[in-house]
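Asker: Take a look at the following structure, please.
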Protein chains: 2
Amino acid sequence: MPKNRRVTIADVAARVGMTNITVSRALNRPEMVKAETRSKIEAAASELGYVPNAFARGLKHSESRLIGFVTASVDNPFYAEMIKAVSRHAKQHNYAILLFDTDGEAWLEANAIETLLSYQAAGIILSPISDEPDYRPDYIDRLHNSDVAVVQLDRTLYNADFSSVVLDNVWAGQCVAAHLLNRVFAETRVSAEAPARLLIAAGPEQSIISRERLAGVQTTLAETDRGVAVDVLWGDYTLEPARDDVGAYIETYGMPGAIFGMNQLITLGALQAMKAHGIAPDTLSVISIDRLPYLDIFDIRVPCVVHDGFHAGQRALELLLERIADPELPQQTITVRGELIE
Amino acid sequence: MPKNRRVTIADVAARVGMTNITVSRALNRPEMVKAETRSKIEAAASELGYVPNAFARGLKHSESRLIGFVTASVDNPFYAEMIKAVSRHAKQHNYAILLFDTDGEAWLEANAIETLLSYQAAGIILSPISDEPDYRPDYIDRLHNSDVAVVQLDRTLYNADFSSVVLDNVWAGQCVAAHLLNRVFAETRVSAEAPARLLIAAGPEQSIISRERLAGVQTTLAETDRGVAVDVLWGDYTLEPARDDVGAYIETYGMPGAIFGMNQLITLGALQAMKAHGIAPDTLSVISIDRLPYLDIFDIRVPCVVHDGFHAGQRALELLLERIADPELPQQTITVRGELIE
DNA sequence: CTGTTAGCGCTTTCAT
DNA sequence: ATGAAAGCGCTAACAG
C-alpha cells in the first residue's frame, strides 16, 4: 500500500464543504468559529489524520517553536541533567529542542549555530567548547545580528555579550579550601622548610572556570597562616591526562597532603593514579567539584562541591524565555552556587 | 539598534543584479552557475549575512533533515551514550536531532510523535516508555500511515511493525546464570530441603525485556542439576523500589546466595539495601546488567553484562537512514549482544 | 547559463 | 461567522 499524500488543511476543508481559512481558524482560534462548524471540522481532521505542517506555519510567521541546545558532551552527566531540565520546561511552553553535540569541535559548533539560525530558532542555549579567551568563534557576530535569544550555560565565551547561567566557581574554590583547612590541614603550622602540599588537578590553563576555582582556593588559603603550598597540574577536564599527570607527580614528589580534582572526570583520574601507586582512598584526602555518583553505597567518601544541574538548566531556560518574550531586555548573568557535600 | 529584517535570497539577488533562482542555484547547485557569478553571489551572501530559511526549503520539498529521538530518560547514561552516537552520525549525513524526553509519560510521548510528524521528520528513533503488551499508544497507526521511517531502540512496542535495535536479553540472562553457576553456585549440590537461592530484582512484571532476561537465567539454570531456587522481585527499572524490596526480602528470608539486578539502577538499589543491612559487597555476590561505572577504581567488582550503547545507537541510525533512502525496505531487527565483564 | 512562473501549506489582511 | 486573495522564502519545471 503506497503512503497517502499528506493531508492538508484544504483536504479537511473539502471534506466539510468549507474553505481553508475556516479550518485553520477552527483549529487555532476556536472562538472565531461557530461551535457546530468547529466540531465538524475537528471530527474531519482527526478522521483524515490531519497533521499541521510546522514548516508552512513557521514560514508564515517567520518564527519557530524551536530551541537549540548546543553542548560539547551530551554524555557528561551534569549536562544530561541540564538537558533534562531544559527539555522538561521547554515543552511546558510548547517548544521543542534541537540538540547538538559538538564533540568539542569548533566547526561542529559553528555548524550547529548555522543550522539553528536556518531553522529560525527562537532561542539557543549554548555551552561552548571552550571558555578560553582566545576562542572567538565567527558566529558570535551573526548571533548578535540575528534576533535569536541566546543564553550561555556553564561555559561562556570570553567577552561575548550574551546572558548566561554560570556556576560560582570562586566560591566553589573557597569552599574546597575551607574544607581542607578544617579537616586536612588543621594541624599544619607555618613551616617554610616542609610546607603541606595541596595538589590541584585543573582544567586548561587558560580556562576561566579553572582559574576562578583556583583563585578561590588561593584567596582562602591566603587568609590563614597555615603554610600550604599549592601545586597545579593543568589538564583538559578529561580523565586520562589527569590520571597520567597525577601519577607522574606522585612519582616525582611523593604523596601530597591532599588532592583537589576540578571536576568529576579529573578526580576519577586522580583516584585511578592513586590506585596505581597503591594509595588507598582513605589514606590521602581527595576533594572534588561535581559528585562522584553512588560512592556512598560503598562507604567511599570523597567530599565535593555539588552544583544543581537541574536548577541551572531550568534557570537558563527561564532566562531564554524572558528574552524571547522581550528581546530588548538587558543581558543577565545568573550565578548558581554549589554546596559542599562531605 | 533594531535587528534587521531577515536577509533572503532576493536580497542577495538584488545586490548582485540577478534573480532569486540564480542565487538559489549558486548556493545549492554550484555547477549550474558560471564560476564568476557564483563567487560574486557567495561574496554578497556572506557579506549580507544570508542564512537559508529551513522552513521555506522544507515546505518546498515537503521533507526535512530532521530526525527525532524520543526517550523516557535522557539522563540515563546508557541512553546518553546512544544519543551521542545518533547525534554524531546524524550530522555526518546532515540531519539535525529533535530530542524529546518523555519522562515516562504516555501523553508526552504522544505529543512528541505529533510534533515530529508536524515537522515532517525524516525519521524517528523511538524508545518508548514501556514495552509491556498492554501499552498500545494511538500514535502507532498514525506512524504507519505517514511516511516517516521509524526505528525502535532498546525498548519496543508490543507487536508494532517497526524496525528495531534491541539487546539480546535472553543471552544476557544466560550469561548471568552461567557466571553464577561457575563462580557462586559451583559448590551447590542438589538439595531439595535447602536449595541455594538466587534473588532477581527485575523490571516490571509485564516487561518483555525483563521476562526475556529472566527466561535466559532459567533456561541456563535448568540445564544443570544444581538446585538453585529463583526468587523474583518485580519493580520498574528504578532505584528506590529495588532498594526497598530487596531490603524487605533480606529481612524476611535472610541473605540469598546471590543477587541479580536487571539494570544499573536496580543493582545500585540492591547494593544500598545490602549496605543498610550491614552486608558488605564482597560477602554477597551481586551481578548486574549495565556497568556500574568507575567502581574498579575502588576495587569493587560487580560483574555485569555490558551492552555497547554507542554501537546500538549507531546501528539504529544506520537502519533509519536505510529506510529513509528506501521506505519499501522490509522491517529489520538488529540484536546487540552484551559481554560479561567481571 | 539565466530568467519566468508557479506553488509547497498556512494565515493575515480585507471583504462579505 | 465565513470567504477571497495574497504572500511568507524557496526551488521545480519549463523557457530562452
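We did not get these values from a lab; they are worked out from the coordinates using the rules stated. Keep in mind it's a predicted model, so treat the numbers as computed, not measured. Heads up, the Cβs are rebuilt from the backbone with ideal geometry, glycines too, and the neighbour counts pull from every protein chain shown.
Asker: Positive end of the dipole of the protein assembly as shown, charges at C-beta (+1 Lys, Arg; -1 Asp, Glu), about the Cα centre: which of A:Gly257, A:Leu233, B:Phe298 has its Cα farthest in that direction?
Answerer: In the protein assembly as shown, that residue is A:Leu233.
Asker: What is the set of long-range amide H partners of B:Val286 at a cut-off below 5 Å, with H atoms built 1.01 Å from backbone N?
Answerer: Here the answer is B:Ile259, since their amide H atoms fall under 5 Å of that of B:Val286.
Asker: Hey, another quick one. Taking 0.36 nm per residue of separation and subtracting the Cα-Cα distance, what length does fully extending B:Ala106 through B:Asp147 add?
Answerer: 12.5 nm is the gain from fully extending B:Ala106 to B:Asp147.
Asker: Between 0 and 90 degrees, rounded to the nearest ten: what's the tilt of helix A:77-92 against the longest Cα principal axis of chain A?
Answerer: Helix A:77-92 sits roughly 30 degrees off the main axis of chain A.
Asker: Still on this structure: With the crude spin-label approximation of a point 7 Å out along Cα→Cβ, what separation in nm comes out for B:Ser46 versus B:Lys34?
Answerer: 2.2 nm
Asker: When the convex hull of the C-alpha atoms of the stretch B:169-306 is computed, what volume per residue in Å³ does it have?
Answerer: 100 Å³
Asker: Taking the Cα centre of the stretch A:3-149 as origin, sum charge times position over the Cβ atoms of Lys and Arg (+1) and Asp and Glu (-1), and report the length of that vector in debye to the nearest 20.
Answerer: For the stretch A:3-149, the charge dipole is close to 1440 debye.
Asker: Taking square-rooted eigenvalues a ≥ b ≥ c of the alpha carbon gyration tensor, is the stretch A:143-247 rounded, prolate or oblate, where a/c under 1.5 means rounded and, failing that, a/b exceeding b/c means prolate? Working shown, then result.
Answerer: Numbers: a/c = 3.38, a/b = 2.05, b/c = 1.65.
Prolate shape, in that a/c is at least 1.5 and a/b is the bigger ratio.
Asker: By the scheme Lys and Arg +1, Asp and Glu -1, what is the net charge of all other residues having a beta-carbon under 14 Å from that of B:Pro330?
Answerer: Working: positive: B:Arg323; negative: B:Asp161, B:Glu322, B:Asp326, B:Glu328.
After counting each charged neighbour, the total is -3.
Asker: Rg (Å, one decimal) plus Dmax (Å, integer) for the alpha carbons of the stretch A:227-342?
Answerer: My reading of the Cα-based Rg and Dmax gives 18.3, 59 Å.
Asker: Of all beta bridges DSSP finds with both residues in the protein assembly as shown, what is the antiparallel percent, to the nearest 5?
Answerer: Beta bridges within the protein assembly as shown, antiparallel portion: roughly 10 percent.
Asker: With springs only between Cα atoms under 10 Å, which of B:Lys60, B:Lys40, B:Lys84 fluctuates most in a Gaussian network model of chain B?
Answerer: B:Lys40
Asker: Next question, about the same structure. Evaluate the relative contact order of the stretch B:283-342 (contact order divided by residue number), counting alpha-carbon pairs under 8 angstrom at least 6 apart; express in whole percent. Intermediate results must be reported in sequence, preceding the final value.
Answerer: On the way: 50 pairs, mean separation 23.8, N = 60.
This gives 40 percent for the stretch B:283-342.
Asker: So how strong a dipole does the stretch B:9-52 carry about its Cα centre when Lys and Arg Cβ are +1 and Asp and Glu Cβ are -1, to the nearest 20 debye?
Answerer: 120 debye
Asker: At R0 = 41 Å, how high is the FRET efficiency between A:Asp231 and B:Glu63 if r is their beta carbon distance? Nearest 0.05 is fine.
Answerer: 0.10
Asker: If Rh is defined by the Kirkwood formula over all Cα pairs and Rg also comes from Cα, what ratio Rg/Rh do you get for chain A?
Answerer: 1.15
Asker: Related question: Go from 0 up to the bin containing the longest alpha carbon distance in the stretch B:9-52, width 5 Å each, and give me the % of pairs per bin.
Answerer: Pairs per bin, as whole percents: 6, 29, 40, 21, 3.
Asker: Now for a different question. Below 8 Å between Cα atoms, with a sequence gap of 6+, how large is the relative contact order for the stretch B:1-122 in percent?
Answerer: So the answer I get is 23 percent.
Asker: Something else: Considering Cα pairs under 8 angstrom that are at least six residues apart, work out the relative contact order of the stretch B:9-52 and quote it in whole percent. Write out the running numbers ahead of the final one.
Answerer: Numbers: 37 pairs, mean separation 17.7, N = 44.
Dividing the mean separation by the residue count of the stretch B:9-52 yields 40 percent.
Asker: Right, here's the next one. How big is the protein assembly as shown by Rg and Dmax over its Cα atoms, in Å?
Answerer: Considering the protein assembly as shown through its Cα atoms, Rg and Dmax are 28.6, 95 Å.
Asker: Also: So if I take the alpha carbon set of the stretch A:206-254, get Rg, then get Rh from the Kirkwood formula, what is the Rg over Rh ratio?
Answerer: My calculation puts Rg/Rh at 1.03.
Asker: Where does the protein assembly as shown land at 222 nm, in deg cm²/dmol rounded to the nearest 500, when only DSSP H runs of n ≥ 4 count, each adding -39500 (n - 2.57), divided by all residues? Working shown, then result.
Answerer: Working: 24 runs with 300 residues, N = 684.
Result for the protein assembly as shown, helices only: -14000 deg cm²/dmol.
Asker: Using the C-alpha atoms of the stretch B:280-342, what convex hull volume per residue, in cubic angstrom, is computed?
Answerer: That works out to 80 Å³ per residue.
Asker: Write down the Kirkwood hydrodynamic radius of the stretch B:29-119, to one decimal in angstroms, obtained as one divided by the mean of 1/r over all alpha carbon pairs. Display every interim value, and only then the final one.
Answerer: Values: mean 1/r = 0.0623 Å⁻¹.
Roughly 16.0 Å, rounded to one decimal.
Asker: Would you mind estimating how fast the stretch A:68-162 diffuses translationally, via Stokes-Einstein at 20 °C and 1.002 mPa s with the Kirkwood radius over Cα pairs, in µm²/s?
Answerer: D, rounded to a whole number, is 160 µm²/s.
Asker: Still on this structure, please answer the following. Could you tally the net charge around B:Pro256, taking each other residue with its Cβ under 14 Å from the Cβ of B:Pro256, Lys/Arg +1 and Asp/Glu -1? Walk me through the intermediate numbers first.
Answerer: Numbers: positive: B:Arg197; negative: B:Asp231, B:Asp245, B:Glu251.
Around B:Pro256, the surrounding residues sum to -2.
Asker: Residue farthest toward the positive end of the dipole of the protein assembly as shown, with Cβ of Lys/Arg at +1 and Asp/Glu at -1: which of A:Pro77, B:Tyr158, A:Ile341?
Answerer: Result: B:Tyr158, furthest along the dipole toward the positive end.
Asker: While we're on this one: Using a cut-off of under 12 Å, list every residue of the stretch B:36-77 whose amide N is near the label point 7 Å from the Cα of B:His93 along the Cα-to-beta-carbon line.
Answerer: B:65-68
Asker: So how strong a dipole does the stretch B:216-342 carry about its Cα centre when Lys and Arg Cβ are +1 and Asp and Glu Cβ are -1, to the nearest 20 debye?
Answerer: Here the stretch B:216-342 has a charge dipole of around 160 debye.
Asker: To continue, here is another question. Quick one: how many lysine pairs in the protein assembly as shown have C-alpha atoms under 24 angstrom apart, if they're 8 or more apart or on different chains?
Answerer: Lysine pairs, 8 or more places apart or on different chains, close enough: 10.
Asker: Amide H to amide H under 5 Å from B:Leu167: which residues, 5+ apart in sequence or cross-chain, H placed 1.01 Å off N in plane?
Answerer: Those lying under 5 Å, H to H, from B:Leu167 are B:Asp154, B:Val336.
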